[in-house]
Amino acid sequence: MNRRLPLIIGAVVAVIFIGNGIYSSLSNNSSAVVASDVRHNVDLVASVNTVSADQNWKQDGVTSAGVLRLALDDLRTLTIPEGTLVDNYKSVSKCADFTTPNACVLLADMLGDAVVWFALVPADKVSGMQTLTLPGLVDMQANGDQGILKNGWIVKLATPVKRVCENTDTTSLRDFITRFPDALSTSTMNLITDNIVSVTCK
C-alpha cells in the first residue's frame with residue numbers, strides 16, 4: 001500500500017492538472033471573438049443617391065447577369081461589372097431598397113477607381129446620410145489607425161474613437177474591444193470622414 005500511495009497521488013494530480021488545462025482552453029476559446037480570415041479593406045464609404053441594376057442582376061458572392069450603376073452623394077458614378085466580389089452579408093443586412101434615394105450605403109474595397117469588393121447595406125433610419133451603425137470591433141491594427149470587424153472588414157479609426165458605456169469604465173479602445181467585441185457593442189462610422197468615430201456597448 002505504501003508503495004502505491006505516491007503513484008495514486010501523482011495520478012490524481014495529473015488528472016486535475018490536465019482537466020484544468022482543458023477547461024482553461026475551452027473557456028478562452030469560448031470567450032474569444034476571432035475575425036474572418038478573409039479581409040477586405042473598406043477604402044470607400046458613401047451614401048448612394050440612386051441605384052440602377054440590369055434587369056436580371058444578382059449578387060451572390062459575386063455579381064452576375066449584368067452591371068450595377070451607383071450614383072454616390074459625392075457626385076461620383078460607379079459602374080460595377082459582372083463578376084465583382086460581394087459581401088456574404090452574414091454580419092450585416094443587405095440593402096434591398098433600390099428605389100428610395102440614399103436608402104443604401106456603399107462600402108467598397110478599391111483598386112484605383114475600380115471596385116474589387118463591395119457591400120450595399122441599409123442606411124441608418126436617423127441621420128442616414130451622416131452616420132452608419134456597424135457591429136462592434138473585434139481587433140485593431142496599424143498602431144490603432146484601423147479596426148477589424150468579425151466579418152473581416154478593415155475600417156479606418158478616428159483619433160480618438162469615443163467610447164460610450166454608461167455602466168462600465170474602459171481604459172482604452174483596446175480595453176473596450178476586449179470587453180465588448182462584435183455583438184456586445186456597435187461601431188458608428190462617419191460617412192463624411194469615412195472612419196469609425198465612436199463605439200457603444202450594449
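The values are calculated or read from the model by the stated rules, or taken from the named source; none is laboratory data. Computed from a prediction, not measured in an experiment: that's the story for all the values here. Please note: Cβ atoms are built from the backbone with ideal geometry, for glycine as well, and neighbour counts cover all protein chains shown.
Side notes on the structure shown:
- Residues of the stretch 96-120 classified as among the β-branched types (Val, Ile, Thr), assigned to a strand (DSSP E or B) and either outside the structural domain of Thr77 (by TED's automatic domain parsing) or more than 14 Å from Leu191 (Cβ to Cβ) (or both), total: 2
- Taking the stretch 123-160 as the range and being surrounded by fewer than 21 Cβ atoms within 10 Å (Cβ to Cβ) and touching a Cys at 6+ places or on another chain (Cβ under 8 Å) as the test, no residue passes.
- Tally of residues being among the basic types (Lys, Arg) and in a loop (DSSP other than H, G, I, E, B) across the stretch 131-165: 1
- Residue match in the stretch 164-172 (condition: of a type outside the set (S, T, N, Q) and under 17 Å from the mean Cα position of the chain (by Cα)): no
- Flag if Asp175 is in contact (Cβ under 8 Å) with a residue 40 or more places away in the chain, farther than 25 Å from Thr84 by Cβ, among the acidic types (Asp, Glu) and not in a loop (DSSP other than H, G, I, E, B): no
- Tally, over the stretch 141-156, of residues that are out of contact with any His (no Cβ under 7 Å at 6 or more places or on another chain) and under 15 Å from Ala35 (Cβ atoms): 9
- Leading residue by the ranking (nearest to Leu132 (Cα to Cα)) among those in the stretch 55-70 that are of a type outside the set (A, V, I, L, M) and touching a Lys or Arg at 6+ places or on another chain (Cβ under 9 Å): Gln59
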